Amino acid sequence: MKARTSQLLLVLSAFLAGLVLFVGVFLFATGNLSSVGGPGPSAIGGAFKLTDQNGKTITDQDFKGHPFLVFFGYTHCPDVCPTTLFELSEVLHALGPDANRITGLFITVDPERDTPAIMKDYLSSFDPHLRGATGSPAAVESVEKAYRVYAKKVPTEKDDYSMDHSALVYLMDKQGHFVAPFDLKRKPQVAADALRKYM
Ligand SMILES: [Cu+2]
């Protein structure tokens, strides 16, 4: 009987530890991001001025009146970025003509290598509604700060490097305010319907 009780306690404490971990991760991924500091309902996002994949200036003002999705990454990324851009492409495709009322913005965290021409070439593999953005290291750093993005250069073999970076997709509303992280792990049609509510 005693052994059973301690076994039960063990199971219970393991469950509680798991719950604490889960809640912690959840808060980190969502609540924490939308509630920390700053004026207004959310301090994520803000003004930026970058260059798109066609060499044209792109600013936050270009998106006024339409919701947009923002994802930070880089073209040399081996897995997370291509997967995310592929999933985003599926959602944009599922939107049909409504895709013209939303923009998927891919901002590089690796401006040294990701020139507009490289971004353009890279994005040609994905949905045409995706826009790339790059700029001077200072301009990119400032937009990373505005979106609380973590990005860090990691040296690999000689003279090469990869980028460690956070991989949230941000849903921004018509006014350019952060709504929530956008969930891509669902059927494209379901995700597309969720987006339509913000148009
Ligand atoms: Cu990546």
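Please determine whether any residue of the stretch 152-162 is within 28 Å of ALA99 (Cα to Cα) and within 16 Å of the chain's Cα centre (by Cα).
No, there is no match, as no residue in the stretch 152-162 is within 28 Å of ALA99 (Cα to Cα) and within 16 Å of the chain's Cα centre (by Cα).
The one condition from (1) within 15 Å of the ligand (Cβ to nearest atom); (2) in contact (Cβ under 8 Å) with a residue 40 or more places away in the chain; (3) in contact with a helix residue (DSSP H, G or I) (Cβ under 8 Å, 6 or more places away or on another chain) that SER166 does not meet is (3). A single entry from THR83, THR134, THR108, THR59 fulfils the requirement of being free of Cβ contacts under 8 Å to residues at least 40 places away in the same chain, more than 26 Å from LYS197 (Cβ to Cβ) and either out of contact with any Cys (no Cβ under 8 Å at 6 or more places or on another chain) or among the aliphatic types (A, V, I, L, M) (or both): THR108. Residue count for the stretch 50-65 under the criterion of being small (Gly, Ala, Ser) and either within 9 Å of the ligand (Cβ to nearest atom) or under 30 Å from ASP160 (Cβ atoms) (or both): the result is 1.
Only helices (runs of 4 or more DSSP H) whose full extent lies in the stretch 66-160 are considered here, and none of them has at least 2 residues that are basic (Lys, Arg) and within 16 Å of the ligand (Cβ to nearest atom).
Out of the residues in the stretch 57-73 that are under 25 Å from LYS187 (Cα atoms) and touching a Lys or Arg at 6+ places or on another chain (Cβ under 8 Å), which is surrounded by the fewest Cβ atoms within 10 Å (Cβ to Cβ)? Lay out the reasoning, then the answer.
First, pick out the residues of the stretch 57-73 that are under 25 Å from LYS187 (Cα atoms): 66-73.
Filter once more, keeping what is touching a Lys or Arg at 6+ places or on another chain (Cβ under 8 Å): 66-67.
Values: HIS66: 16, PRO67: 22.
Here the answer is HIS66.
Since every read-out is calculated from the coordinates, none of them should be taken as a lab result. These numbers were taken from a predicted model, which means no experiment stands behind them. Positions of Cβ are generated from backbone atoms using ideal geometry, with glycine treated the same way; all protein chains shown enter the neighbour counts.
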